[in-house]
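Report on one structure; see the data block that follows.
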Amino acid sequence: MSFRDEFELLLRARYPVLYVPTLEESRVEGSIAAVGEHTSRSVYTWDFVDGYQGNPTDKGFGRRNPLQALELAEKIPTSAPAIFVLRDFYRFLDDIAVARKLRNLSRQLKSQPKNLVILAPHIQIPAELADLITVLEFPLPTLAEIRQILAQLLQGADSTLASQDIDELVRSCQGLSMERIRRIIARAVATHGELRPEDVDLVLEEKRQTIQQTQILDFYPTQSRISDIGGLDNLKEWLLRRGSAFSERARQYGLPHPRGLLLVGIQGTGKSLTAKAIAHHWHLPLLRLDVGRLFAGLVGESESRTRQMMQLSEAMAPCILWIDEIDKAFMGTDGRGDSGTTGRVFSTFITWLSEKTSPVFVVATANNIQALPPEMLRRGRFDEIFFIGLPSQDERNAIFKVHLSRLRPHNLKSYDLGRLAYETPDFSGAEIEQIIIEAMHTAFSQERDFTTDDILEAASQIVPLARTAQEQTRALQEWAASGRARLASRMSFTSQL
């Protein structure tokens, strides 16, 4: 049901006080005006500075007086249908006189065709008024509305974008307010006189600014590509097959939005790199959640911040939500020592994972599978659980090639990749990168270029994590080999167990 349909239904049902949390004041007022015209109701709009506006008879009434603003509903004849729009009125709900007046007035409005509508940027309702006020969500622009406004703006900009480019621009604008979309188009047209396919980057920049204001999520820019990942062929193939799963063509085909991935494995094997590469390959914004930011000192604030995180993610959709080391965040779900806050946050989070219908693709990484609650591993939370183990010799060869191609693209053939891969068993991708950096330091101090021998010398001085934490590594590999997760690499554990 659309906002207009639901709003009109509540008017007919004579709900006395409606509360609409939104930052799009002009857009919601336009929708209310349209409903008022359709239902033959007069619309009166009030704010603290100017009082009532629009109607010459009552212009300025209630200026700087919220109590008087409510009295206009009593002055209007009882048989006259009306909607009273009160901007920012939530700030006065804690006043005892305003709260009492609102209660008294609501009794009268139940038998009259009049309704009060409070507009606010967020929900802030005193507990004593919770039963009196009905919250009505005002959604962000739909794809159809975004397409319509872009069509209007494109006509004025004399732009000739291809249909595919328009589709991508519309999808990228999803999650932004109409005002922000207009600003982006105006900025693009002011920059080069027309709208271009690369203006999608302006949309991502606008989303980044929106995210920064919340201090719950981080907008994580990334240039990592799928080709930057050495090995993990099964995982790459799975991701490439879903590259267009967020498109409108996929919806018409009947495909649901992909839900997400849980990447389990040994530290330093490329789990975080994979999350960044997915966002870059699918041309989606990457949001990083530090779960620690969800927890706050006040009672109920952690749960509130969790809901805000979910709403923000869905507002930015389609997007990638990256949750790093989720095992450390929710290992205390039994609630001991925190009055059950962790358990309640976890319950809210996994319920959202199962029931969300918005195109938010969740990529969660974990090093210790034993620390994860069993509910997290249930099918339906994620599309797939992949295990990323230590790279095989062929994969180590590919990892060395990725790093050396980036560092020494014109001198790659001088390095013996096969020997490097053979001499570094049990090394993770992160440890391979580190020994190359160590070799570079050694050679730089001697004013020469680094060689294969320098890399091998650096490797001989490092004990990989797989050896220092041998028991934990073996337990994790045995867990994956038992068939509880899909293997990210086309390899066997026989040689590692």
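Give, as residue ranges, the helices (runs of 4 or more DSSP H) completely inside the range 1-104 that count at least 2 residues that are touching a Ser or Thr at 6+ places or on another chain (Cβ under 9 Å).
Result: 3-12, 25-38.
Filter the range 368-396 down to residues that are buried (at least 20 other Cβ atoms within 10 Å of the Cβ) and not aliphatic (A, V, I, L, M) and give me whichever is nearest to residue 452 (Cα to Cα).
My answer is 396.
Exactly one of (1) free of Cβ contacts under 8 Å to residues at least 40 places away in the same chain; (2) in the same structural domain as residue 310 (by TED's automatic domain parsing); (3) touching a Lys or Arg at 6+ places or on another chain (Cβ under 6 Å) is unmet by residue 206. Its number?
The number of the failed condition is (2).
Filter the range 407-420 down to residues that are without any contact (Cβ under 8 Å) to a residue 24 or more places away in the chain and either in a helix (DSSP H, G or I) or basic (Lys, Arg) (or both) and give me whichever is surrounded by the fewest Cβ atoms within 10 Å (Cβ to Cβ).
413
Among the candidates 116, 153, 102, 109, which residue alone is touching a helix residue (DSSP H, G or I) at 6+ places or on another chain (Cβ under 6 Å), touching a residue at least 24 places away in the same chain (Cβ under 8 Å) and either under 25 Å from residue 21 (Cβ atoms) or outside the structural domain of residue 46 (by TED's automatic domain parsing) (or both)?
153
Helices (runs of 4 or more DSSP H) wholly in the range 421-497 with at least 2 residues that are out of contact with any helix residue (DSSP H, G or I) (no Cβ under 9 Å at 6 or more places or on another chain) and closer than 20 Å to residue 369 by Cα - which ones?
Working: elements: 429-445, 452-460, 465-468, 470-479.
Helices (runs of 4 or more DSSP H) meeting the threshold: 470-479.
Got at least one residue in the range 169-184 being among the hydroxyl-bearing types (Ser, Thr, Tyr), farther than 30 Å from residue 89 by Cα and more than 19 Å from the chain's Cα centre (by Cα)?
Of the residues in the range 169-184, the ones among the hydroxyl-bearing types (Ser, Thr, Tyr) are 172, 177.
Next, only the ones that are farther than 30 Å from residue 89 by Cα stay: 172.
If we keep only those that are more than 19 Å from the chain's Cα centre (by Cα) too, we end up with none.
Within the range 169-184, not a single residue is among the hydroxyl-bearing types (Ser, Thr, Tyr), farther than 30 Å from residue 89 by Cα and more than 19 Å from the chain's Cα centre (by Cα).
Can you tell me which residue within the range 315-337, out of those that are within 30 Å of residue 23 (Cβ to Cβ) and of a type in the set (Gly, Ala, Ser), is modelled with the highest pLDDT? Let's see the steps before the verdict.
Taking the range 315-337 as the starting set, the residues that turn out to be within 30 Å of residue 23 (Cβ to Cβ) are 315-324, 329.
Now narrow it down to the ones that are of a type in the set (Gly, Ala, Ser): 315, 317, 329.
Working: 315: 75, 317: 79, 329: 74.
Only one residue fits best here, namely 317.
If you check 239, 261, which single one turns out to be assigned by TED's automatic domain parsing to the domain that holds residue 276, in contact with a His (Cβ under 9 Å, 6 or more places away or on another chain) and in contact (Cβ under 8 Å) with a residue 12 or more places away in the chain?
Of the residues listed, the single one that is assigned by TED's automatic domain parsing to the domain that holds residue 276, in contact with a His (Cβ under 9 Å, 6 or more places away or on another chain) and in contact (Cβ under 8 Å) with a residue 12 or more places away in the chain is 239.
Does any residue in the range 30-42 that is aliphatic (A, V, I, L, M) come within less than 7 Å, Cβ to Cβ, of a residue that is surrounded by fewer than 16 Cβ atoms within 10 Å (Cβ to Cβ) six or more places away or on a different chain, and which pairs are these?
As it stands, the answer is 34/4; 35/4, since those pairs meet every condition given.
Part of a helix (DSSP H, G or I) and among the aliphatic types (A, V, I, L, M) - does that describe any residue in the range 373-380? Working first, answer last.
Of the residues in the range 373-380, the ones part of a helix (DSSP H, G or I) are 374-377.
Subset that is among the aliphatic types (A, V, I, L, M): 376-377.
Yes, the range 373-380 contains a residue that is part of a helix (DSSP H, G or I) and among the aliphatic types (A, V, I, L, M).
What number of residues within the range 249-284 satisfy the criterion of being part of a helix (DSSP H, G or I) and of a type in the set (Val, Ile, Thr)?
Let us first name the residues in the range 249-284 that are part of a helix (DSSP H, G or I), namely 249-253, 271-281.
Narrowing the set further to residues that are of a type in the set (Val, Ile, Thr) leaves 274, 278.
Residues flagged as part of a helix (DSSP H, G or I) and of a type in the set (Val, Ile, Thr) within the range 249-284 amount to 2.
Just checking, how many residues over the range 186-234 are of a type in the set (Ser, Thr, Tyr), under 17 Å from the mean Cα position of the chain (by Cα) and within 30 Å of residue 397 (Cα to Cα)?
Looking only at that region, the number is 2.
Would you point out the residue of the range 120-144, among those that are among the charged types (D, E, K, R) and either closer than 23 Å to residue 314 by Cα or surrounded by 12 or more Cβ atoms within 10 Å (Cβ to Cβ) (or both), that is modelled with the lowest pLDDT?
Here the residue is 137.
Quick one: is residue 342 crowded, with 22+ Cβ neighbours inside 10 Å and either at pLDDT below 85 or over 12 Å from the mean Cα position of the chain (by Cα) (or both)? Talk me through it step by step, then tell me what you get.
Working: crowded, with 22+ Cβ neighbours inside 10 Å: yes; either at pLDDT below 85 or over 12 Å from the mean Cα position of the chain (by Cα) (or both): yes.
Answer is yes for this residue.
Pick from the range 87-144 the residues that are of a type in the set (Val, Ile, Thr) and more than 32 Å from the chain's Cα centre (by Cα): which of them is farthest from residue 71 (Cα to Cα)?
Restricting to residues being of a type in the set (Val, Ile, Thr) and more than 32 Å from the chain's Cα centre (by Cα), the top hit is 96.
Filter the range 283-314 down to the residues that are among the small types (Gly, Ala, Ser) and at pLDDT 75 or above and list them by number. Walk me through it before giving the result.
From the range 283-314, those among the small types (Gly, Ala, Ser) are 292, 296-297, 300, 302, 304, 313; that's our starting set.
Those that are among the small types (Gly, Ala, Ser) and at pLDDT 75 or above: 292, 302, 313.
Which number in (1) exposed (fewer than 14 other Cβ atoms within 10 Å of the Cβ); (2) part of a helix (DSSP H, G or I) marks the one condition that residue 221 misses?
(2)
Being basic (Lys, Arg) and at pLDDT 80 or above is the filter here, so list the residues in the range 147-178 that pass it.
If the condition is that a residue be basic (Lys, Arg) and at pLDDT 80 or above, then 147 is the only one that fits.
Test residue 482 against the stated conditions and say whether it is polar (S, T, N, Q) and under 37 Å from the mean Cα position of the chain (by Cα).
Yes; evaluated as a whole, the condition is true for this residue.
Just to verify a result, which residue in the range 233-243, among those that are closer than 13 Å to residue 361 by Cβ and either aliphatic (A, V, I, L, M) or not in a helix (DSSP H, G or I) (or both), is modelled with the lowest pLDDT?
Among residues in the range 233-243 that are closer than 13 Å to residue 361 by Cβ and either aliphatic (A, V, I, L, M) or not in a helix (DSSP H, G or I) (or both), the one modelled with the lowest pLDDT is 243.
The values are calculated or read from the model by the stated rules, or taken from the named source; none is laboratory data. If you're wondering where the values come from, they're calculated on a predicted model, not measured in any experiment. Virtual Cβ from ideal backbone geometry, glycine too; neighbours counted across all protein chains shown.
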